[in-house]
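S.K.: Below you will find the structure I want to go over with you.
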Amino acid sequence: MINLDNIIGESDTFLTTLDHASRIATVNRPVLLIGERGTGKELIAQRIHYLSPRWESPLVTLNCAALSEGLIDSELFGHESGAFTGAKQRHQGRFERAEQGTLFLDELGTAPLSVQEKLLRVIEYGEYERVGGNTRHQANVRLICATNQSLLESVKAGTFRADLLDRLAFDVIHLPPLRHRQEDILPLSEHYAMKMCQELGFHFFAGFSHKVKHQLQAYSWPGNVRELKNVIERSVFHHNDENNPIHTIIFDPFVSPWENELPQNTMENHQPSSLPTLPIDLRDWQQTQEIELLKHALLQSHYNQKKAGELLNLNYHQVRGLLRKYPTLSTSTNKSIE
């Protein structure tokens, strides 16, 4: 059955995607899912299948990037005994296993052109041949395909068939990356933290510190939900304390604790690169830093002054006071909001 682990969210973009998937589920047409790695394309494919009239029939999956050209052909369409060296008996392909159900093809953009041609024939005529055979077999299978590539660019480059893209694009669902689902970051983080606490035998999850919550929401999450899951589980494991909130998040486990360590004899002469060259006007430098930090917080919060204040650990009135203190910044903020 469907895995609901990652189907957690309350952001408008995510709820719109779920609604789109639910509506297309009832229509017996191919669907193309486009999204970055880790955005949950397989979960959306599961949702479409189990909300469709085919829900009692098989949902079969294949990652096209995991197989070579010869193997993907055999895995999709099957092969006859003796079709190639080592083919000692007939092999049932994914189309045959998915009969009356749904076939989910992930990383479709990596499929070779020869396989794309056969896929097009299945979509257009509902038939295929096993590798090494000449008998046509009928296929009653719904295709859901997914990619993190731009297939339009692949068509221009000659690595993807334009006619296949046309047939697959009856409807296209664009999955939002996690950085565009700000409201979902903390609920997802708490979900994975609680599951990891259960796995470690903790009685409860003590939560995240205020600092960590800001770090989680400020991070860009290039690996999306999959990366978030790994980061949270790693951090809970290293924290190893069920009685206190998590105060440290390990985003990159490959950073050595000695990476930036300086030899002892150079420590006294080292000046951090973040500090200005002396002499300076201290008050002028502090004012410049204050303006730059406020600008950064406003940009990151899309000029929402309350959220900007949360990023700087200031209340709304303190942010308003800073904007009055720096009239130029206040003017540019108002223009941006307009």
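S.K.: Could you please let me know if Val115 is assigned to a helix (DSSP H, G or I), touching a residue at least 60 places away in the same chain (Cβ under 8 Å) and open to solvent by less than 30 Å² (accessible area, probe 1.4 Å)?
M.R.: Answer is no for this residue.
S.K.: Return the pairs, sorted by first residue and then second, in which the second residue is in a helix (DSSP H, G or I) and of a type in the set (Gly, Ala, Ser), the first residue lies in segment 152-164 and is in contact (Cβ under 8 Å) with a residue 40 or more places away in the chain, the beta carbons are less than 7 Å apart, and the residues are 6+ apart or on different chains.
M.R.: Ser154/Gly109; Phe160/Gly109; Phe160/Ser154
S.K.: Select from segment 167-214 the residues that are of a type in the set (Phe, Trp, Tyr) and within 20 Å of the chain's Cα centre (by Cα) and list them in ascending order.
M.R.: Passing the criteria: only Tyr192.
S.K.: Which condition breaks for Lys229 when tested against (1) part of a loop (DSSP other than H, G, I, E, B); (2) at pLDDT 90 or above; (3) not hydroxyl-bearing (Ser, Thr, Tyr)?
M.R.: (1)
S.K.: Here's a check for you: in segment 124-147, which residue that is open to solvent by less than 50 Å² (accessible area, probe 1.4 Å) and assigned to a loop (DSSP other than H, G, I, E, B) is modelled with the lowest pLDDT?
M.R.: Taking the candidates together, the pick is Gly133.
S.K.: Across segment 46-61, what is the total count of residues that are outside any helix (DSSP H, G or I) and either among the hydroxyl-bearing types (Ser, Thr, Tyr) or buried (at least 21 other Cβ atoms within 10 Å of the Cβ) (or both)?
M.R.: Keep residues of segment 46-61 that are outside any helix (DSSP H, G or I), which gives 51-61.
Then drop every residue that is not either among the hydroxyl-bearing types (Ser, Thr, Tyr) or buried (at least 21 other Cβ atoms within 10 Å of the Cβ) (or both), which leaves 52, 57, 59, 61.
Residues that pass the stated criteria total 4.
S.K.: Name the residue that is least open to solvent (accessible area, probe 1.4 Å), counting only residues in segment 165-194 that are without any contact (Cβ under 8 Å) to a residue 40 or more places away in the chain and over 26 Å from Ile144 (Cα atoms).
M.R.: Leu186
S.K.: Confirm whether Gln217 is within 23 Å of the chain's Cα centre (by Cα) and either more than 23 Å from Glu199 (Cβ to Cβ) or modelled with pLDDT under 90 (or both).
M.R.: yes
S.K.: Next question, about the same structure. State all residues of segment 125-151 that are without any contact (Cβ under 8 Å) to a residue 24 or more places away in the chain and closer than 14 Å to Leu108 by Cβ; if no residue qualifies, say none.
M.R.: Result: Ser150, single match.
The values are calculated or read from the model by the stated rules, or taken from the named source; none is laboratory data. Because the structure is a prediction, the values reported are computed rather than measured. Positions of Cβ are generated from backbone atoms using ideal geometry, with glycine treated the same way; all protein chains shown enter the neighbour counts. Ligands, DNA and RNA are stripped out before the accessible areas are found, and what is left, the full protein with its side chains, is counted by its heavy atoms. Shrake-Rupley method; radii C 1.70, N 1.55, O 1.52, S 1.80 Å.
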